[in-house]
Amino acid sequence: MGAQFTLLALFLLFPPRPTPNEPIAPTALLAIRLAGAAALAGAFYYGIRGVIDLGKNLTPLPTPRRTNTLVTHGVYGLVRHPIYSAILHGAFAWSAFRVSLAHLGGTAILFLFFAAKASREERWLSERHEGYREYCCRVKRFIPWIY
């Protein structure tokens, strides 16, 4: 858990990319910022629905509760790890709003971190829930229908 908060703090403290030698075209800047706005909307949706849909199964630790139930409804029908998705979407949104390649690189690092963390959690959930592997075949990890 400490590594997660350290990575997020470092991400937020990254300086934005240096000013480019060539200015960004207004239409390109608008497209980048619109992608950021869409990612921010996704971040809020995945984060809020993820917490609500997980309900009593929510824990701050990566290990599932002993009494947890497998949640596959709501946002968990779109992605297996919506809270991680929320953080990743938020990081991408921040990168787009700041138009920062440094932050985009930080988003990639966060992606790798959460992919590794999700893999570990998925092993635990596979051991605990008989239908978890089938669920993994049906529902993508972070981005609906893609990954």
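The values are calculated or read from the model by the stated rules, or taken from the named source; none is laboratory data. Note that the structure is predicted; figures quoted are calculated from it, not measured. Here Cβ is always computed from backbone atoms with ideal geometry, including for glycine, and neighbour counts include all displayed protein chains.
A few points about this structure:
- Residues within segment 48-76 that are in contact (Cβ under 8 Å) with a residue 60 or more places away in the chain, farther than 19 Å from His89 by Cβ and within 19 Å of the chain's Cα centre (by Cα), tallied: 5
- Any hit, segment 107-119, residues being modelled with pLDDT under 95 and out of contact with any helix residue (DSSP H, G or I) (no Cβ under 8 Å at 6 or more places or on another chain): no
- Checking Leu110 against (1) closer than 30 Å to Ala25 by Cα; (2) of a type outside the set (S, T, N, Q); (3) without any contact (Cβ under 8 Å) to a residue 24 or more places away in the chain, the condition it does not meet: (3)
- Within segment 120-147, being part of a helix (DSSP H, G or I), touching a helix residue (DSSP H, G or I) at 6+ places or on another chain (Cβ under 8 Å) and surrounded by 15 or more Cβ atoms within 10 Å (Cβ to Cβ) holds for Glu122, Leu125, Tyr132.
- Identity of the residue in segment 50-94, hydroxyl-bearing (Ser, Thr, Tyr) and out of contact with any strand residue (DSSP E or B) (no Cβ under 7 Å at 6 or more places or on another chain), that ends up surrounded by the most Cβ atoms within 10 Å (Cβ to Cβ): Tyr84
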